[in-house]
2 protein chains.
Amino acid sequence: MTAFSDLDHTHDPAAQSWVASANEAGTDFPIQNLPYGLFVRAGRNESPRVGVAIGDQVLDLRAAAAAGRWSSAEQVALQPLAQGDLNAFMALPAAQRRALRQALFAALLVGSKQEGALRACLLAQSEAQMLVPCRIGDYTDFYTGIHHATTVGKLFRPDNPLLPNYKWVPIGYHGRSSSIGVSGQDVRRPLGQLMPPGATAPERAPCKRLDYELELGVFVAGGNALGATIPMERADEHLFGLTLLNDWSARDVQAWEYQPLGPFLAKNFATTISPWIVTAEALEPFRCAFAHPEQDPQPLPYLDSEKNRAAGGYAIELEVWLQTEQMRAAGQAPTRLMRSNFGESAYWTLAQMLVHHASNGCNLQPGDLLGTGTQSGAKPEEGGSLLELSLGGKQALSLPNGETRTFLQDGDTVILRGFAAKDGARRIGFGDCAATVLPARV
Amino acid sequence: MTAFSDLDHTHDPAAQSWVASANEAGTDFPIQNLPYGLFVRAGRNESPRVGVAIGDQVLDLRAAAAAGRWSSAEQVALQPLAQGDLNAFMALPAAQRRALRQALFAALLVGSKQEGALRACLLAQSEAQMLVPCRIGDYTDFYTGIHHATTVGKLFRPDNPLLPNYKWVPIGYHGRSSSIGVSGQDVRRPLGQLMPPGATAPERAPCKRLDYELELGVFVAGGNALGATIPMERADEHLFGLTLLNDWSARDVQAWEYQPLGPFLAKNFATTISPWIVTAEALEPFRCAFAHPEQDPQPLPYLDSEKNRAAGGYAIELEVWLQTEQMRAAGQAPTRLMRSNFGESAYWTLAQMLVHHASNGCNLQPGDLLGTGTQSGAKPEEGGSLLELSLGGKQALSLPNGETRTFLQDGDTVILRGFAAKDGARRIGFGDCAATVLPARV
């Protein structure tokens, strides 16, 4: 990725779009954002289309490629998108992806000559049924949230919460691709083997300790060949963009099954992501000095670089909201359970995750998804899961309507939200990552 | 899957093919086998084709679909295969897959009227470059080898080798799809973080304890919808067939990285499978009373069935062979390191693996791959990995040419072999699963 240049106006906070809703204060999708998603139009039997969110609208790139006046270079970059193939676009060189962002920005800017042609390519987001945005070949979940790792570790090892490898190895494990869904889905409470304390045999029953985990999802751009590695200096080129990610977790299943090979059925029944991939380019103004600039111990050289130390982080505000069935029935809005900031919660950077993953020659591919692990803040009330907020289920949370929760109940809607904002930059958001718990099928 | 019927002649041990090499005693691919694979013809720039191995030949199903005289029902089942899409064929109902096997058997039988048309559709296996046979959406590795689990457990916990969950939960974890390759490949020795005993900081270095693991690979036929489960009574319908599988392992990387979330970079740099998928139908004569008929404790009801107890196993002989660079240079044949039998080494059956995997609603898909875990025999000399055969690296193996091994050295070729044989049935084999270790890229 080339450095942010003065020639790139896509971060200009004063820029306005001819799509009026993109200029409203509260929108997640101003012209400075321009995230990609995959959708079908409601009520049509058609193959999925790639779109760009702008205000409360979607710019349909299939239609836009045909209608707009694009340069030949722009047409080349638009072609895979016009065909609904986000993976092929992800595989393009970073400079080409950046150039298309600039072209889309110019096309949607107030005064653009393309306004007339592109107006007909807009669709209300309410009319778009969003899909998983690309083919996710492999899904890997990391464990970069140091406050989360510490708090969860304390539940098991009060005196030694962080394992000896934590500050050397960006810990990760492989997850399930097939059960990844997008915001708006329902998630069925899983059945599983539970071993109650003191019991001599497990029982098969609906999970009693169903939980969410607040994460970011990282989409890989260009990959690396099997046997090759990715140096830190080039890691950013391999980062396409981010979504919110809810790593649903069955805590009681996890406790019984996870030794010695890690989580399996406790996690693979569902993962929910937000549908719009906010690109690395859009997030550039929010890069920050890494929250752990003096990573101690100093990482091994393959995980270390000047740039990573100077601006390896992304300052992204993250929130979890809950709306229970009772709240919904009473017309009450969701309530916020916590807030954290990714720039402060992650011990390892996205670059370090990518580089470590490929450091043994494992081949990453365009569209692969990496979860960051749960991003809890440093304070107890900033836990990114109910396991943390309820102290392992020992202390129930009180909700504004008088209900309480240790873990999730049927009918609960969990909503992850995220945004980046700072002085001198236009706030950009991720859109909701929401899903509702259905009762177990017994 | 319907029960084996007298009407199904595909297991007749006396049956002979007009492909002469299929009738030779030592072949892995007699007419009773008929495994599926994916290939491109050497020197041609063409899209991959599905073929069936017969003797030392491949029946090209693209050509065969066009050339043969097939019934309309057979044409329907052949269509996805003619298009090179094994996944779509896997998704067909079991009865349709079985019917096509019978049609292929009849077409290749001595005296078949199709001989004339199909002779032109044969290709020497030596002219076929084999590929990963289908799109593997997700790859899961299980841990069903009880002798392996016990031996490896003893290295860490001499008094309590098997964890309390082992005989309740078919332990598994998600692996990496992108790095799965087929027999004949080279595998680059990975670099990784190693924490030498007594050291205070890890080093990044080439893996010093590179190992293989002898497994079977299980390809899923029809899947289950997200949120649905698979009952034991129908598990066999979801089993497409088996390959050999080498779960390459970097033991020193694994020891340092695997807590608390399981193996990651220690495993995901490579997995090698044999290219021919031997179907469940071909293996029916070798089903056996399960080696652990009195699974103790009795499995929970969702993992238990009459049929599973009576004939849940598959009696498959498994072997590991090694040819070092020095042996190859001297023209010496590979040497056999061990032998085991899958019917005796696995605590859990394939049906139990499939059912457990889907028991929380996790959606399996056609073409998904499940590893069985390392299949070591009960005796020390039957270990399915060097970790076991060398007692954790403490006792080197002596090879016939005077070399020794604790773990793999560069230039070593590891060859897995497998076959099923018994009185009254024609022996069928898997073909080699071979790969050679390349030096680390430093």
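Go through the residues of region B:352-360 one by one and say whether even a single one is in a loop (DSSP other than H, G, I, E, B) and farther than 21 Å from B:N33 by Cβ.
Yes, there is a match, as at least one residue in region B:352-360 is in a loop (DSSP other than H, G, I, E, B) and farther than 21 Å from B:N33 by Cβ.
Checked against the criterion of being part of a strand (DSSP E or B) and either under 13 Å from the mean Cα position of the chain (by Cα) or surrounded by 24 or more Cβ atoms within 10 Å (Cβ to Cβ) (or both), the candidates A:L370, A:L387 yield just one match: A:L370. Counting only strands (runs of 3 or more DSSP E) that sit wholly inside region B:236-325, those with at least 3 residues that are in the same structural domain as B:L210 (by TED's automatic domain parsing) and over 15 Å from the mean Cα position of the chain (by Cα) are B:317-323.
Residues in region B:47-70 that are surrounded by fewer than 21 Cβ atoms within 10 Å (Cβ to Cβ) and at pLDDT 95 or above were compared, and the one that is nearest to B:F219 (Cα to Cα) is B:P48. Only one entry of B:F105, B:F89 meets the criterion of being closer than 28 Å to B:Q16 by Cβ, part of a helix (DSSP H, G or I) and touching a Phe, Trp or Tyr at 6+ places or on another chain (Cβ under 8 Å), and that entry is B:F89. Could you check region A:169-195 and list, in sequence order, the residues that are surrounded by fewer than 21 Cβ atoms within 10 Å (Cβ to Cβ), among the polar types (S, T, N, Q) and more than 8 Å from chain B (Cβ to nearest Cβ)? Listed by number, the list holds a single entry, A:Q185. A:W276 passes every criterion in (1) within 29 Å of A:N360 (Cα to Cα); (2) touching a Pro at 6+ places or on another chain (Cβ under 6 Å); (3) not charged (D, E, K, R) apart from (1). Determine if region B:15-30 includes at least one residue that is part of a loop (DSSP other than H, G, I, E, B), among the hydroxyl-bearing types (S, T, Y) and closer than 20 Å to B:G367 by Cβ. The answer is no, given that none of the residues of region B:15-30 is part of a loop (DSSP other than H, G, I, E, B), among the hydroxyl-bearing types (S, T, Y) and closer than 20 Å to B:G367 by Cβ. In region A:150-168 there is at least one residue matching the filter, namely being without any contact (Cβ under 8 Å) to a residue 60 or more places away in the chain, at the interface with chain B (Cβ under 9 Å from one of its Cβ atoms) and either open to solvent by less than 30 Å² (accessible area, probe 1.4 Å) or under 13 Å from A:A266 (Cα atoms) (or both).
Would you confirm whether or not region B:241-251 contains a residue that is under 20 Å from B:D412 (Cα atoms), of a type in the set (S, T, Y) and within 14 Å of chain A (Cβ to nearest Cβ)? Yes: region B:241-251 contains one or more residues that are under 20 Å from B:D412 (Cα atoms), of a type in the set (S, T, Y) and within 14 Å of chain A (Cβ to nearest Cβ). Where strands (runs of 3 or more DSSP E) sit wholly within region A:125-221, none has at least 3 residues that are modelled with pLDDT under 95, over 23 Å from the mean Cα position of the chain (by Cα) and not assigned by TED's automatic domain parsing to the domain that holds A:P93. Once region B:253-262 is narrowed to residues that are crowded, with 24+ Cβ neighbours inside 10 Å and under 20 Å from B:P196 (Cβ atoms), the residue that is farthest from the other protein chains (Cβ to nearest Cβ) is B:V253. Annotation for region A:198-205: no member residue is among the hydrophobic types (A, V, I, L, M, F, W, C) and crowded, with 21+ Cβ neighbours inside 10 Å.
Taking region A:107-134 as the search range and keeping residues that are among the small types (G, A, S) and open to solvent by 50 Å² or more (accessible area, probe 1.4 Å), which one is farthest from A:R41 (Cα to Cα)? Filtering first and then ranking leaves A:G111.
If you go through region A:2-23 one residue at a time, do you hit one that is in contact with an Asp or Glu (Cβ under 6 Å, 6 or more places away or on another chain) and either closer than 25 Å to A:N87 by Cβ or not assigned by TED's automatic domain parsing to the domain that holds A:V110 (or both)? The answer is yes; a qualifying residue exists. Restrict the check to region A:335-345 and report whether at least one residue is within 14 Å of chain B (Cβ to nearest Cβ), in a helix (DSSP H, G or I), surrounded by fewer than 21 Cβ atoms within 10 Å (Cβ to Cβ) and at negative phi. No, there is no match, as no residue in region A:335-345 is within 14 Å of chain B (Cβ to nearest Cβ), in a helix (DSSP H, G or I), surrounded by fewer than 21 Cβ atoms within 10 Å (Cβ to Cβ) and at negative phi. For B:L364, the requirement of being in contact (Cβ under 8 Å) with a residue 24 or more places away in the chain, surrounded by 17 or more Cβ atoms within 10 Å (Cβ to Cβ) and not in a loop (DSSP other than H, G, I, E, B) is not met. Remark: pairs (first residue in region B:222-246, open to solvent by less than 30 Å² (accessible area, probe 1.4 Å); second residue assigned to a strand (DSSP E or B) and of a type in the set (K, R); Cβ separation under 8 Å; 6+ apart in sequence or on different chains) = B:G227/A:R188; B:L244/B:R417. Which condition does A:W348 not pass, out of (1) surrounded by fewer than 23 Cβ atoms within 10 Å (Cβ to Cβ); (2) more than 12 Å from chain B (Cβ to nearest Cβ); (3) assigned to a loop (DSSP other than H, G, I, E, B), if it passes all the others? In the conditions (1) surrounded by fewer than 23 Cβ atoms within 10 Å (Cβ to Cβ); (2) more than 12 Å from chain B (Cβ to nearest Cβ); (3) assigned to a loop (DSSP other than H, G, I, E, B), A:W348 misses (1) alone. Taking region B:299-313 as the range and being open to solvent by less than 40 Å² (accessible area, probe 1.4 Å) and among the hydrophobic types (A, V, I, L, M, F, W, C) as the test, the residues that pass are B:L300, B:L303, B:A311. The set of residues in region A:424-442 being part of a loop (DSSP other than H, G, I, E, B) and within 14 Å of chain B (Cβ to nearest Cβ) consists of A:P439, A:A440, A:R441, A:V442. In summary, A:A228 fulfils each of the numbered conditions (1) in a strand (DSSP E or B); (2) within 13 Å of another protein chain (Cβ to nearest Cβ) with the single exception of condition (1).
The values are calculated or read from the model by the stated rules, or taken from the named source; none is laboratory data. Since we're looking at a predicted model, the values are computed, not measured. FYI the Cβ positions are ideal-geometry reconstructions off the backbone, even for glycines, and counts take in every protein chain you see. Heavy atoms of the whole protein, side chains included, go into the accessibility calculation; ligands, DNA and RNA do not. Shrake-Rupley method; radii C 1.70, N 1.55, O 1.52, S 1.80 Å.
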